[in-house]
Every structure is written in C-alpha cells, then in structure tokens.
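What follows is a single structure, written as structure tokens, with notes after it.
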Amino acid sequence: MNEIPGLVKRGSEILRTIEKIGKYSKSELEGLARLTGEIQGHTILSFLDKRHGDAGLYFLKNVLSKHVNEAVKAKEKGKKVILIPFNFPPELIHAFENAVPLTTEMMSTMGALALEGEGEPYWDYAMSLGIPDYVCSSNTTALGSMLTAMKGLEIAPDAMISACPGACDANSKIHEFVAETLNVPEFMLDKMGDGVFDYELYRKLFLNMVREIEEFVGEEIDEDRIVKVIENGNTCTELYWELHELKKHSPCPVPNMFTMLSCGTRFTMWGRDEAVSMFEKLLEVAEKRLKRGEYPAEREIARSLWVYTGYYIDLYDLWLWMEDNGITYLTDILNSGGFPQIYEVFTKEDALEAIIKTSWDYQMTRQMGAENMGLRWTEDFIYLAEDLNANCAIYCGHHACKQSQAVFRILRDGMSSKGIPVLKLDGDAWNRRITSVSVLQEMILDFVQNVVAKKRRRRRGSRR
Amino acid sequence: MSLSKIHEIASTLENEYVEKWRSEGNAVVGHACIAMPKEVAEAVRILPFRLRGAGNADTSTADSYLSRYNCSLCRSCLELVLNGSYDFLDGLVRVRGCDHWMGTFDEVQHAKNPEFMHYFKVPHLVNGDTLEFFSNEIKRLKEAFENRFGVEITEDEIVRYAKVQDEINEKMREFYRLRFKKPRFYGSDAIAVVVARESLPSEVFLQLLESAMAEKKKVDFRAKVLLAGSPLDEIELIRKIEEMGALIVAETTCFGGGSFWNMAEYDGSEIYDFLAAKYLNNLKICARMFGEYAFRKNFIKSMAVEAEVDGVILQHNKFCDLFGIENAKLRMDLEKDGIPVLVLEKEYASTADIGRIKTRVQAFLERLKR
Amino acid sequence: MLFGGTDVGSLTAQAVLLEDGRITGYRNIRVLPNPVESAKKVMGELLEEVGVSPDDVVIFSTGYGREKLVEDGFAKEHVSEISCHGRGAFWLNPAIRTIIDIGGQDAKVIRIDGNGNLANFVMNDKCAAGTGRFLEIQARALGLTLDELGEMTFKASNPVAITARCSIYAETEVLHYMQRKFPKEDIAAGVNRSMAERIYYLARRVGVEREVTLTGGVAKNRGVKHELEKILGVKFVDLGVDPQIVGALGAAIFAMEKYGGE
Amino acid sequence: MFLGVDVGMRFTKAVLWDGKVVSAAIEETRGDMESVLKNLRGKIGDFEHCCSTGSGAGLVDFAEVKEDDVVCLAIAARDIVDADFVLDIGGQSITAISVDKDGNVIDFMRNDKCASGSGRFLEVMSSALGIAVEEIDEAASKADRKLSTTSQCAVFAESEVVSYVNEGESKENIIAAVCDSIAKLAVAQANRFGIGGRYTITGGVAKFKSITERIAEAIGGEYVEFPHPQLAASIGAAIVAEEEFGDV
C-alpha cells in the first residue's frame, strides 16, 4: 500500500495553494473546489461561503496555513517544533523566538475536514500498531500521523507538552506513546481538582516546565515579547466577548462556522497579531450581518448549544446545512469552555502567572479536569444556555469518549431540569465510519422539529 | 483450611470478618485503588475495603448512568453500589484512579449521594512537587476521617500500622516466590490472596496468609506465564486459563503482585512524606502514571526473569484506554526483546466469552512449544 | 495406520484423512448447531466414503468443540486452529512463512518459522468486520452467493466505499446503496475491498513475511483475494488443495507426527 | 382508506386503515424497493391517500406526505393504547419516546450505537442456534438456568453462543440469555430516559413475550401491550394520512 505522508506535510501543501486564492475569481474557485473532491470541495466552499464574508479565507491563509507552515519551516530556521495538546495555551510557545507550537487536535480536525481519505489512513495505521479501536479518534488519528515521522513522512516534533494528566487519560497516554516511540522529551502538567492546593501544584509544575522548555530551546523568554503576547491575548479576549454578546441576538448574526474559526484561532495563534486581526474580521462580518438582519433561513427555529465538540467530518452538510434549516450553532465546549479573561501584565512574572491561570481554566481542562466533571460541565452549560438564550443542547464527541459518556446522564438530567432538552448523537466528530452525515441530519431534524419547535399535528381526536 | 477460606472471602463481598469488625463498632470505607494508604485508616480501626466487581456481569441499572463505552469493571462495581451490595460500607474514598473511575464516582454521587465520600487526590507524575502535594493529601485524608468518624489519628499509630503493612508485604513477597522456580501455588490462589487482603483487617489477613502458605500444593502446568495489564480480580477466569496449562506464576497487575512488590519499608522518616513516596512510587506499576513507561517495562521484564516465565499475557478490559495503549507498546517492545506476548482484550466477568479466550491461550501455549 | 483431523468453524466443518503421508480423502459440510455433532458427522461421512472403521484412525480435533471431542473419546488430542493452519500450510509447502486464515468469525494472521513451528499470531478482537460472516451478511443483502460476490470485483468499474466496520451497520450501507440504485458490481466490489483493508491492518500487527498463503473459506472469494494481494504487495501461494481443509489437515498431520512412529 | 407505509432497515410494513386496521402486510427491505412496494400494494388492496415513515420514507414515491417515525410511534401509542411512553425496539436501535396527551412527541432518545440491542441481533442469534424466529418465545420459556451474554457485537455474541453449545448448555437456556441481554439494554435505555407511567413497547422485537415480560418486570409503571407492535409506526403513518386528507 502506498505510504501516505503525515497530516502536517499534506496539509501544508494544500494550504500553500489556498494562500494564492485571492487571485482567482469566484467561479474559478468553485471549479478548484470541485476538483479537490466532493467532501474536500464542500469544505473549501464552506469556508468561502458568502455568509462568512472574507473571514473563512482569512482563517485558512493567516491562521491555519501560518500555523502549519511555520512548523514545517521551523527546521530550516533551526527552531524547535513543540507539539501541544488541545488544552494548552499556545501563547506560551509564541513567547519564544526559537520555538513554534503545533497543535495535535488541529491536525486531526484538519485531516477529517479537508484531506482525501480524511483522517482514516492514520487511524488505520494506529490500528496496525495495535492501538485499540475504542480510543478517542481525534487522538488516534493525530498519533497515527505523527508516527509516520518514523518513516520520514511527517514533520517530527522536537519536544512535546502534555497538559492532559488529570483531564484526559487517553490524550496523555497517546502523547506518552508518541514521545516514547519517537524518543523526544515530554513536558507534563497535572491537574488534580479545583482547590487552592491543586492550583498551587499546577502552578509549580507549570513554572518548572517553563524552565525546562527554556533550557531545551536554549533561550530565556524575553519580557517584552511575552508581555506583548499577553496584550494581544487581551485584545482577542475583548473581541471574543463582543462576539459572544452578538450571539444573544435572534436570529443569531454570528454564522455557525465562526465557532470553529474562533476556537481554531484560540488553539493555534492566540497571542499573535494574526489572531487579533482574525477576531476583528469575525466581529466585522457579524456586525454587518446584524445590521442587515441577515440569516440564511426564514426563521431561527433552534438555538443550539453543543455541549461537547462539534462535527468535523463535513462542515457543509452539517454546520451550513443547520443554518439553512434555521438551526443556530451558538457555541461548544471547545470554543467557550475556557471563559477567557483579561490580565494586566507588566513583567515576565506577571505574564507567566496570567498564562498559568489561563491554562488552568482552559477549555475542557476546566470541565474534564474538574473534581466532579459531571457537575462542572452541567453548571457551565446551564450558565451558557441562560446567557445565550439557548433552547436546546446537542451532544457529540468521540463515540467512546469515556469522560463525557460516563457523566452524560448528569448533564442531561441537569439541563432537562432547566427545561433545555438535550439530543445525544451517536456519531464520531472525527470519523464518519461511525455514523453517516445523513443519519445525523435526520436525528437533528427529528429533534428540532418535534422536541424543540414542538411541531404539533392538528389532531382530530375522533377515536379517543 | 486457610486457603479455601481465602477463596471464600475473595468470592464474597461482606465476609464474616467484616461483619464481626462492624459489630464491634468499627467502620469500613470503600475505595478502588492501591494508592489508598491503608495504615492511615487502620490506625483508627477503619477498614479500607477495595471495591471490586465480584464477577458480576449484569450491569443493567449501572448502564442507565454510565455508558456502554465505559469499562465493564467500573460498570459492574457501580451496579453493586446501586443495588445495595455495598451498603455495609460507612463511606467511600474517591481515590483518583483513572477517568472511568472518576466518572463512576460522579454517577455514584448523582444517583446515591453517599453521606461520606472524600476525594483523595493522587498525582499522575512523580517528582518533588507532586510528592509534597501527595504528602499533604494524605494529611487531608486523615483529617477527613477524623471529622467524619470523630476520632483522632496519631502519627505513632500510623507508624505502628505502617510496620504491620511492611510485615504483610514481606510475607506476600515470600508467598509469591513460592510460585516462581518450582511453583507450589496456582495464580488463582495468588489473586484470591490479594483480593482477600483488600477485604480484611490486617491482623486477620496476616494469620490467614501464614497458614495458607503452609498449604503448598503440587501444581501441574505446561508453561509458566506472567500476567500484566488492567485490574483483574476474576479468579474464575484465571482458573480456566490455568486449567489449560498456562500457569500464572507472577502478575504485575494491581489485583496481584503490582499491589505490593515495590512497596518501600518504613525507614523512620517523617511519616506522611514516607507514605507519599511509598504509595506514589509503587503506583508507577499503573499505566495511569505518565512518564513512567520504562519503569513498568522493566518491572515486567525483571519479574519475568525472576519467575522464569515462558511468556507474558497482556490483558485489558475493553474501553480501558490506559492499558489498551500501554499493551500495544509493551507488545512491540517485549517481543523485540525476545519475550513472547499474547494480548487479550476482554469484557469483565465474561464467562460467556471463554471460548474466544481459550483459543488464544491454547495457541499461545503451542507457540511456546509447551 | 490412518490419521484424521476435524475442524469445525462457525459456518462449515471439515475432515481430512492421511495415509502414508498423503491425503486420502476430505470432506466439507455446513455446520449443525452443535459443533461436536458437526465434527462427528463430517468425519463419519468421510470414513464411510473411504470404507474405514473409526477404530483404525487416530483423530486430532481443532476448531469449535475440539476439547469436547477429546472428552468424548472421538478424538485423541486437540490442537488450536492457529497451529493447525500453520502446520497444514507448511506441510503442503515448506516455503510458507505467513498464513492468513479467514473463517466465519475469526480472521487470523499466523507466522511460522523455518521448521513450521508457530512463531507469532494475531486474531481479530471482538469485531467481525474482517470475517466470513461479514461477507455472508453483505452477500445476502445483495442477493448474491458468496462466489458471485467474489467475482464482482472483476466486473466493477467504480467500487463504492463501505465505511462501517460493524457487519450489521455495513449491511445498512449496502442496502442504502442498493436503494439508491448503485450498480450491484460496484457495491459488491466495495464490500470485497473493505474486507481486504481490515485484514491488511490486522496483518501489519505481526508483519507479513514471504511466502504467504490464504486459507479458510474466504480464500475462495477471488475478489477479496485479489484486493488483498494488491494491498499487501504479494502473490499468494496456491497450496494445491481446497483452502478450507488446511486446518483439518494440520490436525491430521499433528496426529501423524505424534502417533505415526508407533 | 388510508395507507401507512413504514420503511425500516429490516422490514417494510404497510397498513390499510379506516379508523381501524383493515389489512396489513410486511416485506423484507431488500434489493430493489420498487418491487418491495409493489408486492406490498398487491397484498394490501386499494387506498386513497398514503403517508410514509421510517428511514426509507423517501423511497415511497406514491406517498403524499412523509412523517418522522418518532411522530408516528407517538400517535399510534396514544391513539391505540393511550400510552404516555413508548419504548420502540426496531431492527437496529432502541428509541424511548415520551408522548403528550394529544399524541405529540415531548422528548425522545435513541440508544448507544450498537446493533446488539436490536431485532437483527435476535435474528442472527436464533439462526445460529437453529431456532426459528417463531419458536423463540416457546424455547426461552423452557429455560431452567440463567446464563449471561456479554458481547457488544452481534456477530461475536454468536461465538459466545457456540461456546455455550459446546459446553453442553441447552438451546433453551441460551436463547433465554439472548432475550435477557436485549431486555437489559432496553431497560437501561428506559431508565436513562425515565420511563414510567403508562407505557407500551413497539417494534418487531416487541412481538416476543420473553423480552417484553422481562422489560416489564424491571421498569416501574404500567405496561400496556401494543397489538401487532411491529406495525406501530405504519399505523401512526396511516392515521397521519387520515388526518391530513380525511373528511372527519
């Protein structure tokens, strides 16, 4: 069988092509999208859809492509590539002159979205190594791709950060597997609970880790640089909350896909100028839509809160399709589970303290790393539901995600007690083999029409 | 006969000694991990009782709380908690084991809201900071017991019981060595012994262990095998595997040799710091400790050499992320080192599944040319 | 002295007889609900055919019910089907180092050393995606026989993607394609390819060393065989016998090796 | 006369309705749908208006309306047996539905993705045991020992069945264990959703008393039997057609 290069290598090529896109006309673009295959073309067209203004294209060019290609080019420039998980603030790495972050979940999501065969070849490769078929598909896909570095088919990381001990066993374990197999150093954190002692431990481990990374990269973090990174983060935070405010309008002027663009930026470029411009774009497009009262459907029927992750196997047939059917995707745990804050900082020490607090309360670390995940998860989403006027919630993630599946009952009972119905989708955000998109659409429509919109038949009641 | 008594204890939940213990006004607390420092509880006559599935495969009530994607051992235990089988417990210590257990305890709280459930935090890393944290966690556990049961726990008493644990650990190692060169016990006996230890007051257990060790048997086998992987208290399963000739002469699992083999002896130092180091270092045998893969691989290899085994069985319950991934890596590395490996994925207490397991074990024995 | 082997799978059962180091007869039947009865029936029919009394044969059993047959006294000893497939294939061709055996519920990849001894093996765990039952369910949904299903690979122009791993969900996918009027050949070819891919990933766990052969019922499906050769980059060695009898043959060889010297 | 057609994963069901079931027919959903539907129409007689439901509702080209299967089940449950809850055990999944007093859906929940709680699973297992589908109840009632089945996978559960056969277990005990395992899944689903009150069980699997009785024992509330449970969704669809086009 042909050996397929890793996700980063393949993604970087496609993204470099997309960087040239501005020069093409709309019909040429559509032609190009069609050339890349049904699903891939759909994905590219979803990003370029006019409801997103130029935000989608901006994300591909200035956020995703930069993120991926900086990692690819790092080697030539003698910089270190540091692999980070989804629950670690990339701004710490951006504070280094000579290190670049690469986010694992970004890779599997990108793979699921836009590459031929999606993430499946990498998942299959992991299976052939003996990884069980029930481990988180996002992690398994990223692992399979990373390990192709053994054959020179992928950009090998120089070091890895694991922020998941205490939040996710599967993620931590896969990172350990990769670090052991590729023989690269791994820096680790540990979150025990929500108390002051737990924070104290986390903080100490974090500061140790920073020292270790400084030593590894051979560079002490520069004060001006890290302060700038936090200030950029603060600007992003302000814009993020402004966007959040806009979501309170009905119909929602913020397109469904902005949730992904927002958290995609958070996980990769936060702290950089590119992230600031990205959020400015999102806000600009959303404000314009508000002013014009734009919404793809006649009526906004459902305002849905995705309590875990979204679906990444087909943006067009899910997120855009939802909007066309009057179903708003308000936010999900990856986008809003971290509740970003503003930190006024003047020194390197202040800046590090700010990053530690951010990391401690990061999306999913906050919930999955809580003393009681069921309760914290439920509380956070009841708050968001009330804040954003959600009228329903939808759950999806990896089909065998032990944490969320284990405590889904608690969330459902809690949300129902507040009058918010919850739909549980049995699919897998990163693997279409589990449930096809058409089945998911059917489930969502059944739920929205009958339970949320309370479609009622005109009963004649003659026989009862 | 002490060994048959031990088997009886291992196959029931509330045994006669626990009943007696309770009738004397002493408390029993449940927990689910070998990171629980027994001496802290025992110092004030609180019996730490380790939760186990006891071969219960029916999880219909638990499944309406947890999901089918959660580990079947946890689902079995939750079922027993919900159906009242564990009502003899005076409380629970929610030891941070793996994520499946965390979810299980969340659901226990949601469904049953026990009067006493203390969250005992166990780090996933071993270093100066985590040891200091864990030492304080042990103090907080002590305080939780004091507040709940209205007792005072002195350091002297903890030290006294730490020495009792040392004695038991030493005896256990002695007992395990009787299985190595010329095996005089079955693996099913050894698992029963470990399970009994987790279900009895120390004094009672020590007596039973000593007399059981005198009951050496003639043991038949085709090959000697080491068992590693996720927690396994299924004595019936071990018995079926051994009936085929694959004698389990050592385990690195936590219902098994892993629970005590690397436990340090009390050295006279500050007791809480000592306990933190003792329990956290021993816990490196579990795949939930990160950055310690080399320790586990070496533990399996050195145990395999000492016990002179022919091969290693790496097993895990379906949906166990930690050992599922660990076993994939171990299989590659051990085979590279010339140690034959069989990976077994199974459901907890699935006697119905025995045919599938038997085929694999028989072929493994044939591979070992035994 | 005659030596016999029985092998009971989930769908079919086989018996083989050896005399003077060569195969004197074999038989293949559809199983009865009880595996012990299946073994007795298939061996009984074979013995009747060659006109030999059971008392003159040393029988080894493998597959389902292998232990029960020994307890009953029908078989002298039992050996796992993994070793039997390895030994059977090696006896037929000593160049063989890897055997891929796909039965009704099991798919196994068996590695043997230069002496024909079992060196390593891997079996599918708790998922029937790469097994004969998977094919059988899909063939039924397509209204094809197993043989016809295999041939479709060579008639298809554009095989569909069967993505579900679960046999029952894959059946739904097949039905969906049929309802949407996709050509039957393309759906069937997709089924065969999906099957080959499952086996490929299983095989990689232990590695594939030449020469390689394919045994078990699925070896008769030319489509799967073709796809598997393509994906593994090998040409399967033809053992010159019905690929379903290799397990029973191995059992008979073990009997001969152990009791042939008497 | 109104026709309700329910195109399920395993079977296509049709009911001719005129305030009550006039005639009904069931065909396997297999091969080309045109002939399946043609056969059904041949068996069932003439109709004026038709509503289709089920996963393949769109394939019924002569249906004037389509309706979701949860809606049809809710209507049937309310109109036929006046139930507040439905537990539907179909060919591939288990669905719990709560129903308001007018027969509208209040909420519903489908089970974890696994075919082992389904009708298809029961078919595979009974055929492995050599028990005809019609004989399942009778066989299960003769069981004298409780066995467990644990496998998640319908095809692998079959190897458990073979193991039991091998150990000399009776077919009756084994099929009873299979029924038990389906009942347990359904009960877990019901409890998760909080089914109580007056409830009914529909879908192909509800034909088997050995399963419904086990479910009824395990969940609270009042169980009311649905006549011809496999037809429930198609009856609901027929009622929808009547309400849409009838001149009541």
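Any residue at all in the range A:99-111 that's at pLDDT 80 or above and touching a Lys or Arg at 6+ places or on another chain (Cβ under 7 Å)? Yes, that holds for at least one residue.
Of the residues A:L83, A:L57, the single one that is in contact (Cβ under 8 Å) with a residue 40 or more places away in the chain and touching a helix residue (DSSP H, G or I) at 6+ places or on another chain (Cβ under 7 Å) is A:L83. Quickly run through the range B:180-217 and pick out the residues that are basic (K, R) and touching a residue at least 12 places away in the same chain (Cβ under 8 Å). Result: B:K181, B:R184, B:R197, B:K216, B:K217. Residues of the range B:23-74 that are in a helix (DSSP H, G or I), touching a strand residue (DSSP E or B) at 6+ places or on another chain (Cβ under 6 Å) and more than 8 Å from every other protein chain (Cβ to nearest Cβ): B:K38, B:A41, B:L73. Tell me yes or no: at least one residue of the range C:60-71 is among the hydrophobic types (A, V, I, L, M, F, W, C) and in a strand (DSSP E or B). Yes, some residue in the range C:60-71 is among the hydrophobic types (A, V, I, L, M, F, W, C) and in a strand (DSSP E or B).
Residues checked against (1) surrounded by 15 or more Cβ atoms within 10 Å (Cβ to Cβ); (2) touching a Lys or Arg at 6+ places or on another chain (Cβ under 6 Å); (3) closer than 23 Å to A:K281 by Cβ; (4) modelled with pLDDT under 85:
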site	(1), (2), (3), (4)
A:I39	yes, no, no, yes
A:Y58	yes, yes, yes, no
A:N62	yes, no, yes, no
A:V68	yes, no, yes, no
A:K73	no, no, no, no
A:E76	no, no, no, no
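Taking helices (runs of 4 or more DSSP H) as the structural unit, those lying wholly within the range B:117-197 and holding at least 2 residues that are away from every other protein chain (no Cβ under 14 Å) and surrounded by fewer than 22 Cβ atoms within 10 Å (Cβ to Cβ) correspond to B:128-149, B:155-177.
In the range B:300-328, how many residues are within 19 Å of A:H398 (Cα to Cα) and part of a loop (DSSP other than H, G, I, E, B)? Counting residues in the range B:300-328 that are within 19 Å of A:H398 (Cα to Cα) and part of a loop (DSSP other than H, G, I, E, B) gives 3.
Scanning the range A:397-407 for residues that are more than 7 Å from every other protein chain (Cβ to nearest Cβ) and at pLDDT 90 or above turns up A:C401, A:S404.
For the range C:67-74, indicate whether the set of residues that are assigned by TED's automatic domain parsing to the domain that holds C:K258, within 30 Å of D:S126 (Cβ to Cβ) and surrounded by 20 or more Cβ atoms within 10 Å (Cβ to Cβ) is non-empty. Yes: the range C:67-74 contains one or more residues that are assigned by TED's automatic domain parsing to the domain that holds C:K258, within 30 Å of D:S126 (Cβ to Cβ) and surrounded by 20 or more Cβ atoms within 10 Å (Cβ to Cβ).
Report, ordered by the first and then the second residue, all pairs with beta carbons closer than 6 Å, sequence separation of six or more or different chains, a first member in the range A:315-341 that is more than 18 Å from A:L243 (Cα to Cα), and a second member that is acidic (D, E). Going by the 6 Å Cβ cut-off, the qualifying pairs are A:G326/A:E300. Every test in (1) crowded, with 24+ Cβ neighbours inside 10 Å; (2) away from every other protein chain (no Cβ under 12 Å); (3) in a loop (DSSP other than H, G, I, E, B); (4) not acidic (D, E) is passed by A:I313 save one, and that test is (2). The single condition among (1) of a type in the set (S, T, N, Q); (2) under 28 Å from A:D190 (Cβ atoms); (3) touching a strand residue (DSSP E or B) at 6+ places or on another chain (Cβ under 7 Å) that A:N256 does not meet is (2). When the range B:1-39 is limited to residues that are more than 19 Å from the chain's Cα centre (by Cα) and of a type in the set (S, T, Y), the one that is surrounded by the fewest Cβ atoms within 10 Å (Cβ to Cβ) turns out to be B:S23. Taken as a whole, the range A:374-385 holds at least one residue that is free of Cβ contacts under 8 Å to residues at least 40 places away in the same chain, in contact with a helix residue (DSSP H, G or I) (Cβ under 9 Å, 6 or more places away or on another chain) and either hydrophobic (A, V, I, L, M, F, W, C) or not in a helix (DSSP H, G or I) (or both). Reported count of residues in the range A:101-120, each being within 16 Å of A:D428 (Cβ to Cβ), not aliphatic (A, V, I, L, M) and not in a loop (DSSP other than H, G, I, E, B), is 5.
Of everything in the range A:178-204 that is touching a helix residue (DSSP H, G or I) at 6+ places or on another chain (Cβ under 6 Å), surrounded by fewer than 23 Cβ atoms within 10 Å (Cβ to Cβ) and facing another protein chain (nearest Cβ under 7 Å), the residue that is farthest from A:E349 (Cα to Cα) is A:E180. For the range A:132-158, residues that are over 23 Å from the mean Cα position of the chain (by Cα) and at the interface with chain C (Cβ under 10 Å from one of its Cβ atoms) total 1.
Of all the criteria given as (1) in contact with a Lys or Arg (Cβ under 8 Å, 6 or more places away or on another chain); (2) surrounded by fewer than 22 Cβ atoms within 10 Å (Cβ to Cβ); (3) more than 7 Å from every other protein chain (Cβ to nearest Cβ), the one not satisfied by A:D426 is (3).
With the requirement that a residue be surrounded by fewer than 21 Cβ atoms within 10 Å (Cβ to Cβ) and in a helix (DSSP H, G or I), what does the range B:98-114 give you? Correct list: B:Q109, B:H110, B:A111, B:K112. Screening A:A95 on (1) within 11 Å of another protein chain (Cβ to nearest Cβ); (2) in contact (Cβ under 8 Å) with a residue 60 or more places away in the chain; (3) within 22 Å of the chain's Cα centre (by Cα) shows it passes everything except condition (1). Set side by side, the residues C:E136, C:E77 differ, and just one is within 12 Å of chain D (Cβ to nearest Cβ) and not aliphatic (A, V, I, L, M), which is C:E136. Would it be correct to say that D:I201 is buried (at least 22 other Cβ atoms within 10 Å of the Cβ), modelled with pLDDT of 90 or more, in contact with a strand residue (DSSP E or B) (Cβ under 9 Å, 6 or more places away or on another chain) and within 13 Å of another protein chain (Cβ to nearest Cβ)? Against the criterion (buried (at least 22 other Cβ atoms within 10 Å of the Cβ), modelled with pLDDT of 90 or more, in contact with a strand residue (DSSP E or B) (Cβ under 9 Å, 6 or more places away or on another chain) and within 13 Å of another protein chain (Cβ to nearest Cβ)), D:I201 does not qualify. Criterion applied to D:G91, D:G31 was being in contact with a helix residue (DSSP H, G or I) (Cβ under 6 Å, 6 or more places away or on another chain), more than 10 Å from chain A (Cβ to nearest Cβ) and at pLDDT below 95, and the one residue passing it is D:G91.
Any idea which residue in the range B:353-370 is nearest to the other protein chains (Cβ to nearest Cβ), counting only those that are in contact (Cβ under 8 Å) with a residue 60 or more places away in the chain and within 18 Å of C:G247 (Cα to Cα)? Ranking the candidates gives B:Q362 first. Apart from one condition, C:G63 fits all of (1) surrounded by 22 or more Cβ atoms within 10 Å (Cβ to Cβ); (2) closer than 23 Å to C:G240 by Cβ; (3) at pLDDT 95 or above; the exception is (3). Considering only residues in the range C:139-190 that are among the polar types (S, T, N, Q) and within 12 Å of chain D (Cβ to nearest Cβ), the one that is nearest to C:Q105 (Cα to Cα) turns out to be C:S167.
The values are calculated or read from the model by the stated rules, or taken from the named source; none is laboratory data. The model shown is predicted, which means the values in this text are computed figures rather than measured ones. Please note: Cβ atoms are built from the backbone with ideal geometry, for glycine as well, and neighbour counts cover all protein chains shown.
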